[in-house]
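Student: After the structure tokens below, expect a handful of questions from me.
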Amino acid sequence: MKVYEPEKVRNIALLGHSGAGKTTLAETMIFESGTTRKRGNIEAGNTLSDYHEVEKEREKSIYNSLLHLDWRGTKINLIDTPGSTDFYGQVAESFSVADVAMFVLNSEAGVEIGTETFWSAAEKEEIPSMIIVNKLDSVNSNFQNTIDMAKERFGRGVVVVQYPYSEGEDFHAIIDVLKMTMYEFPENGGRPDKLPIPESQLAQAELLQNELVETIAENDETLLDLYFENGSLDEYQMTDGLNMSLLNRDIFPVFCTCASRNMGTGRVMGFLGNVAPSPLDRHLKLSNGERYEIDRDGSPSFFVFKTASESHVGDLTYLQVTGGSIKPGMDMENRRSQDTLRIGALYLNQGGKRVEVSEVAAGDLAVAVKLKDLYSSDTVTMKGEDLEFAPVKYPNTTMRVALKLKKEGEEDKLGSALNQIQKEDPSSRVEYSQELQQTILHGLGEEHLNMILYQLKERFKLDVEFIKPRIPYRETITKRVESHYKHKKQSGGAGQFAEVYLSIEPWYEGMPDRDDLNVRNVEKIDLDWGGTLVFQNCIVGGVIDNRFLPAILKGVMEKMGNGPLSGCRARDIRVSVYDGSMHSVDSNEAAFKTAGLMAFKDGFLNAAPQLLEPLYEVEIILPSIYMGDVMSDLSSRRGQILGMDSEGSIQKIQAIVPLQELDQYTTRLKSMTQGSATFTSKYHDYAQVPHDIQKRVIEETLAAEEA
Ligand SMILES: Nc1nc2c(ncn2[C@@H]2O[C@H](COP(=O)(O)OP(=O)(O)OP(=O)(O)O)[C@@H](O)[C@H]2O)c(=O)[nH]1
Ligand SMILES: [Mg+2]
């Protein structure tokens, strides 16, 4: 296998809504380039890209996969991504290394939500983007509608390079207004005949060509001058202009394919080879925000954009070479851990198949095996160098479940399985919550979480199920009380004695000092679980020794961590110790701790205690037609609307919703909006729960404690 120089490499991410035909398109491109002899398809479960059993079973992509082909001396790397937004993590990885985002649109449906979501992301990452309109052979194909939608959503930069001569079952030819040629395909696709554009189509083709030329010229002054001088641009000038406009995201050129019948991919690959940017035209981002240019002559380095593992092979590290070239046997250093690692075998992946190579040069993508302790987003350089690339931007999780083992004794096995899953899929997150006594799994939606459950069961052979995660409620009080406790024990030898008087009140930032008490010392404690405890020493006349105050605080803190009301953590309280007594022999720290704890507990329960629940700030993006349903559902979830915003037919809602009401919300939202809405949430604050819910929660918690 030859070493491809960076100018001969194209890194392309295939993106778009589920079912648009990305995997089929990748398969067809690789076949048409002559890189493989057989063309698989989704229905037969034999594509190069969807090689995982679960992908074959479900007939859709779940993991991103790396493929490559050679088109007339240019190596085109394809990263086929899943279209479901539940697998956004997989898409995010492709953004780290893609120089072109190739959006595949289903001509039956136009711009769908997955496409829209990933388009915005590609826009943020400033990745040059192009559009393939696929499925032009399907009965309901509507090219014009697809283009209109794309222009409406993505702007004037969307320009037609190709359009179908006819669509639906009769689809067999594409008119190309850059080449001013018609490509006519044989019955079963493959290499087309190049024909002059038919008379009946000339006017339309010229109109579209003008639009293309004008858009190109608009973005380049030299070309604009030439355009005014000659009234047109030749093909080479257009190609140059296209390259620049593509790079600057001024143009999103549109091509046509019928992936399942092998029509149109040759021209797309030609465009990628001749016009699309190479890694040298683009820059990578460093973690310090600066730009980095891929350097063929520089010191060897690479960036890890994905990790996986396979049963017979072990760890797989997906990487982009960012400097020089790398070869087996080289000793390099992981910048994060500063561990030395020796490069072993290097491969080019064709989905699950691999071809071994002896060298990979800057710009290119490859897979290394058996490199230990490399994580996605790691930078690897030669010893002691100072280089660190910006990490992959994984999306925030939107849904959580608790994991429950059905068999006891498998906790360690579950722990290491979850570690492995998180390593390979950083868009999932696992935490063991001491507070909730549950293992909580966070993900991007039901499909994502179910896929993790599937892995736990099938790959790691664990008998687990999902259960409802508990809510981290908090407790507080709503009025001031005075409380007194005398701890006295006389059993056999030494006795125990401690007496304290506490004043307990709700605390808030900026509350006035107690001028009725002689405040001698104030301790403000930021609690680990959020909120504050203010502890004041207001003892007069030394009725309690100073040395016993920390013990009283200890008692209070213990009860704060295991709230008097329901066992949840307490917050935002001011406790003033203002009186008490001690005994010269029987008083000790343990006695004062108990007295403090008991006085606090009694007082708390008399101070109109209140349960608090976590609120989340959610942002929902949805097509306007579903506004009514989503809004009334939000109000049934005790949601409080903060604002609404609209952009075209897309609406944005911001609201505050209790965490308790967000259980399964991702799924509900999808079903209400036919999968067209997305949402993100982040912790906002704690607030009082309504009385009826407080009653129920306390009963439930106490019942659970008893059980
Ligand atoms: N009629 C027609 N069907 C197609 C075409 N391309 C793909 N298909 C079919 O559309 C379905 C979805 O194709 P995929 O290639 O799996 O789509 P995808 O974009 O990879 O979907 P995800 O992996 O779920 O994101 C399959 O049944 C394909 O056979 C096409 O050009 N015409
Ligand atoms: Mg796919």
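Bear in mind that the values in this text are calculations on the coordinates, not laboratory data. Just so we're clear, the structure is a prediction, and the values are computed from it rather than from any experiment. Reconstructed Cβ throughout: ideal geometry from the backbone, glycine too, with neighbour counts over all protein chains shown.
Student: Measure off 7 Å from each Cα along the Cα-to-Cβ vector at Lys652 and Val585, then give the distance between these two points in nanometres to one decimal.
Tutor: 7.4 nm
Student: Rank these for me by crowding, Arg72, Arg335, going from fewest to most other beta carbons within 10 Å.
Tutor: With the sparsest Cβ surroundings first, the list reads Arg72, Arg335.
Student: Suppose R0 equals 60 Å; then what is the FRET efficiency for Gln434 and Ser166 from their Cβ-Cβ distance, rounded to the nearest 0.05?
Tutor: Efficiency computed from Cβ-Cβ geometry: 0.35.
Student: Compute the FRET efficiency between Asn140 and Glu617 as 1/(1 + (r/R0)^6), taking r as their Cβ-Cβ distance and R0 = 35 Å, and round to the nearest 0.05.
Tutor: 0.30
Student: Right, here's the next one. Say each of Lys124 and Asn41 gets a label point 7 Å from the Cα, pointing the same way as Cα to Cβ; how far apart are those two points in nm?
Tutor: My value for the distance between the label points is 3.8 nm.
Student: Each residue of the stretch 425-437 in order: what ³J(HN,Hα) in whole Hz does its phi give by Karplus 6.51 cos²θ - 1.76 cosθ + 1.60, θ = phi - 60°, with x for Gly and Pro?
Tutor: So the Karplus estimates, Gly and Pro as x, are 9, x, 7, 9, 8, 10, 9, 9, 9, 4, 4, 8, 6 Hz.
Student: So, one more: If I take the Cα coordinates of the stretch 102-155 and project them onto the principal axes, what are the three extents in Å, biggest first?
Tutor: If we take the Cα atoms of the stretch 102-155, the spans are 36, 18, 16 Å.
Student: Across the stretch 275-283, in residue order, what do the Karplus-derived ³J(HN,Hα) couplings come to in whole Hz, using 6.51 cos²θ - 1.76 cosθ + 1.60 with θ = phi - 60° and x for Gly and Pro?
Tutor: In residue order, the calculated couplings are 10, 5, x, 9, x, 6, 7, 10, 10 Hz.
Student: Hey, got the Cα dimensions of the chain along the principal axes, in Å, largest first?
Tutor: That gives 108, 60, 52 Å along the principal axes, largest extent first.
Student: Residues with amide H under 5 Å of Ser377's amide H, sequence separation 5 or more or different chain, H placed in the peptide plane at 1.01 Å from N; which?
Tutor: Val304, Phe305, Lys306, Val392
Student: Ratio to report: Rg/Rh of the stretch 1-76, with Cα atoms as the point set and Rh obtained by the Kirkwood method; give two decimals.
Tutor: Using Cα coordinates only, the ratio equals 0.99.
Student: Using Cα atoms only, what is the angle between the long axis of helix 411-424 and the major principal axis of the chain, expressed in degrees (0 to 90) to the nearest 10?
Tutor: On a 0 to 90 degree scale, this one is about 40.
Student: Are there chymotrypsin sites (Phe, Trp or Tyr not before Pro) in the stretch 75-109 that DSSP marks as loop and that have at most 15 other Cβ atoms within 10 Å, and which are they?
Tutor: none
Student: I would also like to ask the following. Whole angstrom only: what separates the Cα centroid of the stretch 332-372 from the Cα centroid of the stretch 162-211?
Tutor: 43 Å
Student: Separate question: Classify the stretch 475-601: rounded, prolate or oblate, from the alpha-carbon gyration tensor (a ≥ b ≥ c, eigenvalue square roots; a/c under 1.5 rounded; otherwise prolate if a/b is larger than b/c)?
Tutor: Oblate, since a/c reaches 1.5 and b/c is not below a/b.
Student: Shifting gears a bit: Per residue, how big is the convex hull of the stretch 611-702 when only Cα atoms are used? Give it in Å³.
Tutor: So the per-residue hull volume is 90 Å³.
Student: Would you calculate the separation in nanometres between label points at Asp225 and Glu310, each defined as 7 Å from the Cα along the Cα-to-beta-carbon direction?
Tutor: 5.5 nm
Student: How many angstrom lie between the Cα centre of the stretch 87-129 and the Cα centre of the stretch 304-324?
Tutor: Computed from Cα coordinates, the inter-centre distance equals 23 Å.
Student: How long is the gain from His283 to Asp148 if the chain were fully straight, where each residue apart is worth 0.36 nm and the alpha carbon distance is subtracted?
Tutor: Length gained between His283 and Asp148: 45.4 nm.
Student: Along the stretch 493-509, what does the Karplus equation 6.51 cos²θ - 1.76 cosθ + 1.60 (θ = phi - 60°) give for ³J(HN,Hα), rounded to whole Hz, x for Gly and Pro?
Tutor: x, 5, x, 10, 8, 7, 9, 9, 10, 10, 10, 10, 8, x, 10, 9, 4
Student: Could I ask something else about it? Stretch Lys406-Glu706 to full length: gain in nm at 0.36 nm per residue minus the Cα-Cα span?
Tutor: 105.9 nm
Student: List every residue whose amide H lies under 5 Å from the amide H of Ile539, counting only residues 5 or more places away in sequence or on a different chain, with H placed 1.01 Å from N in the peptide plane.
Tutor: So Ile539 has HN proximity to Arg520.
Student: Take the alpha carbon atoms of the stretch 614-685, find their center, do the same for the stretch 419-477, and report the distance between the two centers in whole angstrom.
Tutor: First find each Cα centre; the distance between them is then 23 Å.
Student: Okay, next question. Want the number for Asn419 to Glu53: 0.36 nm per residue separation, take away the alpha-carbon distance, what's left?
Tutor: Contour length minus the Cα-Cα distance gives 129.6 nm.
Student: Using the beta-carbon distance between Ser491 and Lys695 and R0 = 51 Å, what value does 1/(1 + (r/R0)^6) give for FRET efficiency, to the nearest 0.05?
Tutor: For R0 = 51 Å, the calculated efficiency reads 0.85.
Student: Cα gyration tensor of the stretch 399-467, axes a ≥ b ≥ c as square roots of the eigenvalues: rounded (a/c below 1.5), prolate (a/b > b/c) or oblate?
Tutor: rounded
Student: Of Lys22/Lys406; Lys56/Lys407; Lys56/Lys353; Lys306/Lys413; Lys423/Lys682; Lys56/Lys468, which pairs sit farther than 27 Å apart, going by alpha carbon to alpha carbon?
Tutor: Lys22/Lys406; Lys56/Lys407; Lys56/Lys468
Student: Also: Using the Kirkwood radius over Cα pairs, work out the Stokes-Einstein diffusion coefficient for the stretch 352-485 at 37 °C and 0.692 mPa s, in µm²/s as a whole number.
Tutor: 175 µm²/s
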